[in-house]
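Everything below concerns the one structure shown next.
The values are calculated or read from the model by the stated rules, or taken from the named source; none is laboratory data. Since we're looking at a predicted model, the values are computed, not measured. Cβ sites come from the backbone with ideal geometry, for glycine too, and all protein chains shown count toward neighbours. Ligands, DNA and RNA are stripped out before the accessible areas are found, and what is left, the full protein with its side chains, is counted by its heavy atoms. Shrake-Rupley method; radii C 1.70, N 1.55, O 1.52, S 1.80 Å.
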Amino acid sequence: MNSEWSPAARVRGMGASVFTEMTELARETGAVNLGQGVPELAAPESLLKDVAAAVLGGANQYPPAVGFPALREAVAAHQARRYGLEYDPRDEVLVTTGATEAIAAALLALCDPGDEVLAFDPCYDAYPAVARFAGATLVPVPLALDGDAFALDVAALRAAITPRTRVLVLNTPHNPTGKVFTAAELAAVAEVCREHGLTVVTDEVYEHLVYDGRHRSIAALPGMRERTLTLSSAGKTFNVTGWKVGWVCGPAELVAAVGAAKQFLTYASGTPYQEALARMLGGVEAWAEELRSTLRRNRDILSEGLTRAGLRPFRAEAGYFVQADVRAWGYPDGVRFCRELPLRAGVVAIPTSAFYLRPDAPSSLVRFSFCKREESVRTAVEKLIQAI
Ligand SMILES: *Cc1c(COP(=O)(O)O)cnc(C)c1O
């Protein structure tokens, strides 16, 4: 051990996570893995063929740092067609290495040390991590528990704002809860952001996976386009989470700042994927409809199964996950439940505490993912019911 070495403060305590622990447990015990949100579902055949052809055809060198023009045009057309949002593909769309890099580059571009970033709690674990890389602090705004749903608490949002607040990170549809922000909730969030001059970074990677209701983009609300960076990616929409192709849309000055950070994170990536996705994105609606019906069925099997197993599920309107409260099985603590579940029932899940930032967060919630083959979800449900 080199005693002169220690990790930098920005990564201290960021070692192996509960995700790694649970994935390892699934491997060791052979349990059905409803932990990480890794799809077991197939990608569109034509997309795979197009990537293979692009690789063999020589599309293997650096793409432009901002992304291939054809993909930027496809993204701009997608935003216009679906949300009525017009972006100039020349300087208002930027291709990134997944939504993850888009989040990192956006917070690096928008935050100075000491700044505060708001995000609804629980939240995707990359947000606090990259805020810390930027020297900023992520301030959690609790999502309220409202029956079987998670709801915006506007008073909590207002209370979290200080003179150092610069950015609000929104995520709708929301991971890990499966919540879709309603029109009224988005309007309330938008009003607060306009009032306090906040920039919004909105992570919409599950935009096509809404099963009840529909996705709305906050950038489409009055006075919001000019202060909003909208992020999405191909991974969740096309079952290609390993490809890491994402994008950012926003006003040119904001996108240029994100691009300035992005060029020194990866410069560019994913040449053959970008070429193929440019074609696929134009026809996303037909594909997504089919994917939604598969995932909706899985969601229903899982939610009904959790109910039958006596674990109270929350409503999951979108995305990959159902939340359940495990107190009914006598566990006050989701971490202990998840450590014991592979042995007790042969199922792996993730404690939602891994996504909560505030110390007084609920501790008895557990996240089950259903982006799996129907057979995996059915098997998991049978095992849970047998283990009661
Ligand atoms: C999966 C996920 C991402 C990561 O997207 P990539 O394109 O794979 O980087 C970002 N945000 C949320 C909320 C996610 O669930």
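Residues in the range 216-233 that are open to solvent by 10 Å² or more (accessible area, probe 1.4 Å) and not small (G, A, S): how many? Residues in the range 216-233 being open to solvent by 10 Å² or more (accessible area, probe 1.4 Å) and not small (G, A, S): 6 in total.
Could you tell me whether the range 22-32 includes any residue that is open to solvent by 70 Å² or more (accessible area, probe 1.4 Å) and in contact with a helix residue (DSSP H, G or I) (Cβ under 9 Å, 6 or more places away or on another chain)? For the range 22-32, residues open to solvent by 70 Å² or more (accessible area, probe 1.4 Å) and in contact with a helix residue (DSSP H, G or I) (Cβ under 9 Å, 6 or more places away or on another chain): present.
Of all the helices (runs of 4 or more DSSP H) wholly in the range 40-154, which have at least 2 residues that are of a type in the set (D, E)? Outline the logic, then answer.
Numbers: elements: 45-56, 69-83, 98-110, 126-133.
Here the list reads 45-56.
A quick yes/no check of all residues on (1) under 24 Å from L221 (Cα atoms); (2) out of contact with any strand residue (DSSP E or B) (no Cβ under 6 Å at 6 or more places or on another chain); (3) β-branched (V, I, T); (4) without any contact (Cβ under 8 Å) to a residue 12 or more places away in the chain:
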{"residue": "D115", "(1), (2), (3), (4)": "no, no, no, no"}
{"residue": "P128", "(1), (2), (3), (4)": "no, no, no, no"}
{"residue": "A159", "(1), (2), (3), (4)": "yes, yes, no, yes"}
{"residue": "K179", "(1), (2), (3), (4)": "yes, no, no, no"}
{"residue": "E185", "(1), (2), (3), (4)": "yes, yes, no, no"}
{"residue": "E195", "(1), (2), (3), (4)": "yes, yes, no, yes"}
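The single condition among (1) open to solvent by less than 10 Å² (accessible area, probe 1.4 Å); (2) more than 28 Å from E382 (Cα to Cα); (3) in contact with an Asp or Glu (Cβ under 8 Å, 6 or more places away or on another chain) that L311 does not satisfy is (2). Taking the range 234-264 as the range and being under 13 Å from E101 (Cβ atoms), open to solvent by 20 Å² or more (accessible area, probe 1.4 Å) and within 16 Å of the ligand (Cβ to nearest atom) as the test, the residues that pass are W243, K244, A261.
Hey, can you tell me all the residues within the range 182-207 that are in contact with a Ser or Thr (Cβ under 7 Å, 6 or more places away or on another chain) and either open to solvent by 10 Å² or more (accessible area, probe 1.4 Å) or within 13 Å of the ligand (Cβ to nearest atom) (or both)? Scanning the range 182-207 gives H196, T202, E204, V205, E207.
G213 passes every criterion in (1) in contact with an Asp or Glu (Cβ under 8 Å, 6 or more places away or on another chain); (2) under 23 Å from I161 (Cα atoms) apart from (2). Loosely packed, with under 15 Cβ neighbours inside 10 Å and at pLDDT 95 or above, is that true of L47? Answer is no for this residue. Among residues of the range 76-102 that are more than 20 Å from Y267 (Cβ to Cβ) and more than 14 Å from the ligand (Cβ to nearest atom), those with a beta-carbon under 7 Å from a residue that is among the aromatic types (F, W, Y) and modelled with pLDDT of 95 or more at least six positions away or on a different chain give the pairs A76/Y87; Q79/Y87.
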